[in-house]
Amino acid sequence: MNVIAMRVSDAKLHPNADALRVYTMEAPNHNAVQIVANLENIYQEGDIVAVALSGSVLKDGTKIKPCKLRGITSHGMALGVVDVNLGSDLSEVYCQQELVNTGEKLAFQKWTSIELLHNVRSNLAILGDAVKITYRAKIKLHGTNAGVQITTEGKVAAQKKSQIITSLSDNAGFVAWVESNVEYFSALKTTENITIFGEWCGNNIQKGVAISQLSKKIFAVFAVQLGDDIITPKKLEIRPEYITQMLPKHENIYVLSFYGEPITLNFGNKEQLKAAAETINNMVEAVEKSDPWVKATFGIEGVGEGLVMYPDTDRIVERANYTEYMFKAKGIEHQVVKAKKAVSIAPEKANNITEFVQLFVTEARLQQAVTEACDGQYDIKRIGNFMKWFALDVRKESVAELETAGLTWKEVNKPLMNDAREWYKTKVATF
């Protein structure tokens, strides 16, 4: 995107409109361009004018593109006389900054895969750790995972769950929104690369929950990462009050607060762990009936998805030693594994392949695959992306359940894929 200081080399009246003039603008290292402008500003030959070339996006969101005005093509917009050197690049003054694109090879910063409680317990058992961890809960909003990277130079990139995205691969309008707010994000630059992680949710992103009743889309932030493991180690700020201090107020950015009281889990005491799990199950049941964060923030009553449990901390934490202890607890309607309860200290047991397939081919997981792999679209041309995402997701999350059932991935792969494929084909036919 460029706004360049150019000299008026020719000026004349528009042959088909008395209220318009046609200018030729020139500058070193740039092709001469023809600009059609109204009489609000009249330029004389020799004037130095700020010219927004085609492809520029001005700070007010105006996109400059070639257009015909009464039969004469204008290849930009004249923004006024300026007192600068001929050829000066004035983009920073007049334009929105550009998002980083994938061609710039910025490293994608993936949000962590959040385990179920029984997996956290199993991992701790392997390590031989019998620890007590106090947790804080945050509401899990039903949208699509999103992130904004800001480099130390103030460059901005938009992400979805699996990759950096651009306007050519937007995710429910997130890129377009980040582009319109790039100045806000760029101003957050620090001495470390940072990534703001959140849920892009609200109107027309998901269905059937309280947040989907919102009349707008919002970015609900749950963590901020500092560093990228290239220059400095990754650290996380998860405390709502400190995230709020880091992010200036914005009408579409909200910071998720903690929900409920701290809960201590003693991983060395099975009975205490069961009791704590039951407390969390009761919390999830209440959230599923009525999302308390959405109700308190927007006054909207409706279904909630569940909780994410964060180890309590009084400081910024090292990401590598923190996220492995987090776990999620989804309500029955949003479970990607059809468990009897939201939280359990042991994996669900399938007695045969059919029951295993029923555990993992859930409506919630299938819908998630459509959102993440198909941009929310039911299109037979995208079925390959859908199937690939679904297979990888199930294989990643089913290790404990396979072991408990005494099954192998080879045994369950084909029936899993058959069910998922038929579900997607049915949706394509319906839509």
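The values are calculated or read from the model by the stated rules, or taken from the named source; none is laboratory data. On a predicted model such as this, the values are computed, not experimentally measured, just so you know. Neighbour counts are summed over all protein chains in view; Cβ atoms, including those assigned to glycine, are modelled from backbone coordinates with ideal geometry. These accessible areas exclude ligands, DNA and RNA; they are computed on the full protein's heavy atoms, side chains included. Shrake-Rupley method; radii C 1.70, N 1.55, O 1.52, S 1.80 Å.
Using only Cα atoms and rounding to the nearest 10 degrees, what angle (0 to 90) does helix 117-127 make with the longest principal axis of the chain?
80 degrees
Please list LEU116, LEU247 in order of solvent-accessible area, largest first, computed with a 1.4 Å probe with all protein chains present. Don't jump to the answer; show the numbers that get you there.
On the way: LEU116 45, LEU247 20 Å².
Largest accessible area first, the list is LEU116, LEU247.
Can you compute the FRET efficiency between ASN119 and GLU153 using 1/(1 + (r/R0)^6), with r the Cβ-Cβ distance and R0 = 41 Å? Round to the nearest 0.05.
Working from the Cβ atoms, E equals 0.60.
Whenever you get a sec, compute what percent of the accessible area on the chain sits on carbon and sulfur atoms (1.4 Å probe).
Percent of accessible area from carbon and sulfur atoms in the chain: 49.
Indicate the gyration tensor shape class of the stretch 319-380 (rounded, prolate or oblate), computed on the Cα atoms with a ≥ b ≥ c the square roots of the eigenvalues: a/c under 1.5 is rounded; otherwise a/b larger than b/c is prolate and the rest oblate.
Judged from the Cα gyration tensor, the stretch 319-380 comes out oblate (a/c at least 1.5, b/c at or above a/b).
Is any residue of the stretch 230-255 close enough, with backbone N under 16 Å, to a label point placed 7 angstrom from the Cα of ILE316 along the Cα-Cβ axis, and if so, which?
Residues passing the 16 Å test: 230-248.
Obtain the nm distance between the two label points defined at GLN358 and ILE231 by a simple spin-label model: each point lies 7 Å from its Cα along the Cα-to-C-beta direction.
5.4 nm
Nearest 10 degrees, 0 to 90: what angle lies between the long axis of helix 383-397 and the longest principal axis of the chain (Cα atoms)?
Between helix and principal axis, roughly 40 degrees.
If R0 is 22 Å, what FRET efficiency do you get for ALA17 and GLN44 from their C-beta distance, rounded to 0.05?
So, using R0 = 22 Å, E works out to roughly 0.65.
Looking only at ASN269, ASN16, ASN193, which one moves most when the chain is put into a Gaussian network model with springs between Cα atoms under 10 Å?
Per the Cα network of the chain with a 10 Å cutoff, ASN16 tops the list.
How many nm is it between the label spots at LYS381 and VAL428, if each spot is 7 Å from the Cα in line with the beta carbon?
Going by the 7 Å Cα→Cβ label model, 1.2 nm.
Considering only ILE194, ILE211, ILE383, give the residue with the highest GNM mean-square fluctuation for the chain, with springs between Cα atoms whenever their separation is below 10 Å.
In this elastic network of the chain, the residue with the biggest mean-square fluctuation among ILE194, ILE211, ILE383 is ILE383.
Mind checking the angle between helix 270-289 and the chain's longest principal axis? C-alpha axes, 0 to 90 degrees, to the nearest 10.
50 degrees
If I build a Gaussian network model for the chain, linking alpha-carbon pairs within less than 10 angstrom, which residue out of PRO15, PRO415, PRO262 has the largest mean-square fluctuation?
PRO15
Give a quick list of trypsin sites (Lys or Arg not before Pro) in the stretch 164-238 that DSSP marks as loop, anything other than H, G, I, E or B, with at most 11 other Cβ atoms within 10 Å.
Counting only loop positions with at most 11 other Cβ atoms within 10 Å, the trypsin sites (Lys or Arg not before Pro) in the stretch 164-238 are LYS207, LYS216.
Number of Lys-Lys pairs in the stretch 174-239 under 19 Å by Cα, sequence gap 8 or more or different chains? Intermediate results must be reported in sequence, preceding the final value.
Working: LYS189/LYS234; LYS189/LYS235; LYS207/LYS216; LYS207/LYS217.
Final tally of qualifying lysine pairs is 4.
Between SER215 and ALA130, how high is the FRET efficiency from 1/(1 + (r/R0)^6) when r is the Cβ-Cβ distance and R₀ = 60 Å? Nearest 0.05.
Step by step, r from the Cβ atoms, then E = 0.75.
Calculate the spin-label point distance for LYS396 paired with GLU92, positioning each point 7 Å from the Cα along the beta-carbon direction, and give it in nanometres.
In this crude label model, GLU92 to LYS396 measures out at 3.9 nm.
Leaving out ligands and nucleic acids, note down the accessible area per residue over the stretch 326-392 with a 1.4 angstrom probe, in whole Å².
Roughly 45 Å² per residue, with all protein chains present.
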